[in-house]
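Accompanying notes for the structure given below.
The values are calculated or read from the model by the stated rules, or taken from the named source; none is laboratory data. Keep in mind it's a predicted model, so treat the numbers as computed, not measured. We place every Cβ from the backbone using ideal geometry, glycine too, and count neighbours over all the protein chains shown. All accessible areas refer to the heavy atoms of the entire protein, side chains included, with ligands and DNA or RNA removed. Shrake-Rupley method; radii C 1.70, N 1.55, O 1.52, S 1.80 Å.
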Amino acid sequence: MTALADLLLHSTTRQNLLQFFESSNHALLIVGPQGSGKKSLLNAVAGKLGAVRPEQRVYVSDDGPSISINQARNIKSILSLRPLEGSVLTVIIPECEKLTTEAQNALLKQLEEPPENIYFLLSTHDKSALLPTVLSRVNVVSLNRVSTKEISDYFEVQGHESSKIRASIGLSGGNIGLAQRILNGEADDYKSVITEAKQILSVSMSDRLQLIDGLAKDKLKLRATLDALERILYAGFNSAREKRTNVEIWAKKLQAVEESLEALSNNVTTRLVTLRLMLQL
């Protein structure tokens, strides 16, 4: 298991995590785009808190389309198994945006009065999916983007080839977790999304407008597509900046995607988000 000190993190993110460890808060929410390494960070945080054995880490499954109220209620039963004196128990909920409203309300009581030595570690790419009451009871830490050079240096130390590192950074758009998966040959699930995102950028305006209905009807697919577009455009922007050509064009498109992601997080209708984006690309 990777230790927290060995993870590549932005200095602000690392400082905010240190503040969490020094606080009395028993609930942490990591916010970052898909592929940014949130799950690895949750496990590293658990280890830092003292949950070094498997039985000290309780994972709430996120394999399905949602996390049900029954899964949230099961946490209460698990918490009755208090950790041994002097040890900790961590409840880890990746992709907590999948928690239904009922599940979040069931979890709320545990967050309000957490038992001693029990910590809740959550992560999400969509903070807007969480109830304000839940957000008010967790310490929110954002995964800020690190520089391309820092990523390159990090993977070079691990022994990866420079050409493969550059390719992984380009495909991941600088998302460290996804870049790691690409280098390890574990990112097949992203290929179709990236292919579709590249298609959106390559087709004509009329063809893009025909894609609106398909994207707008599925918020999760839309967010995944926006994340992929952000990665592709971020890589293109960095390349244009190095070559000092077409920088403004790449910057404008990247800004349009970032504004779309923000609008989606603020619950603007998916159709409006998609329409505006297609017109701006």
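Which of the residues spanning segment 178-237 are within 29 Å of LEU7 (Cβ to Cβ) and basic (Lys, Arg)? Listed by number, the residues that qualify are ARG181, LYS191, ARG223, ARG231.
Matching residues to (1) free of Cβ contacts under 8 Å to residues at least 40 places away in the same chain; (2) closer than 27 Å to ALA27 by Cβ; (3) of a type in the set (D, E, K, R):
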site: PRO115; (1), (2), (3): yes, yes, no
site: ALA129; (1), (2), (3): yes, yes, no
site: VAL140; (1), (2), (3): no, yes, no
site: ILE176; (1), (2), (3): no, yes, no
site: ILE182; (1), (2), (3): yes, no, no
site: TYR190; (1), (2), (3): no, no, no
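Among the residues of segment 26-50, the ones that are open to solvent by 20 Å² or more (accessible area, probe 1.4 Å) and in contact with a Pro (Cβ under 9 Å, 6 or more places away or on another chain) come to 3 in all.
Per the conditions (1) part of a helix (DSSP H, G or I); (2) modelled with pLDDT under 85, the sole criterion not satisfied by GLU186 is (1).
None of LYS198, LYS252, LYS243, LYS217 is without any contact (Cβ under 8 Å) to a residue 12 or more places away in the chain and open to solvent by 80 Å² or more (accessible area, probe 1.4 Å) except LYS243. So, in segment 77-109, of the ones that are basic (Lys, Arg) and modelled with pLDDT of 80 or more, which residue ends up farthest from PRO33 (Cα to Cα)? The extreme case among them is LYS109.
Okay, residues lined up against (1) open to solvent by 60 Å² or more (accessible area, probe 1.4 Å); (2) in a loop (DSSP other than H, G, I, E, B):
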{"site": "ARG137", "(1), (2)": "yes, yes"}
{"site": "GLU150", "(1), (2)": "yes, no"}
{"site": "GLU156", "(1), (2)": "yes, no"}
{"site": "ALA167", "(1), (2)": "no, no"}
{"site": "LEU171", "(1), (2)": "yes, no"}
{"site": "ALA179", "(1), (2)": "no, no"}
{"site": "ILE194", "(1), (2)": "no, no"}
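Against the numbered list (1) touching a residue at least 60 places away in the same chain (Cβ under 8 Å); (2) farther than 23 Å from ALA187 by Cα, ALA235 comes up short only at (2).
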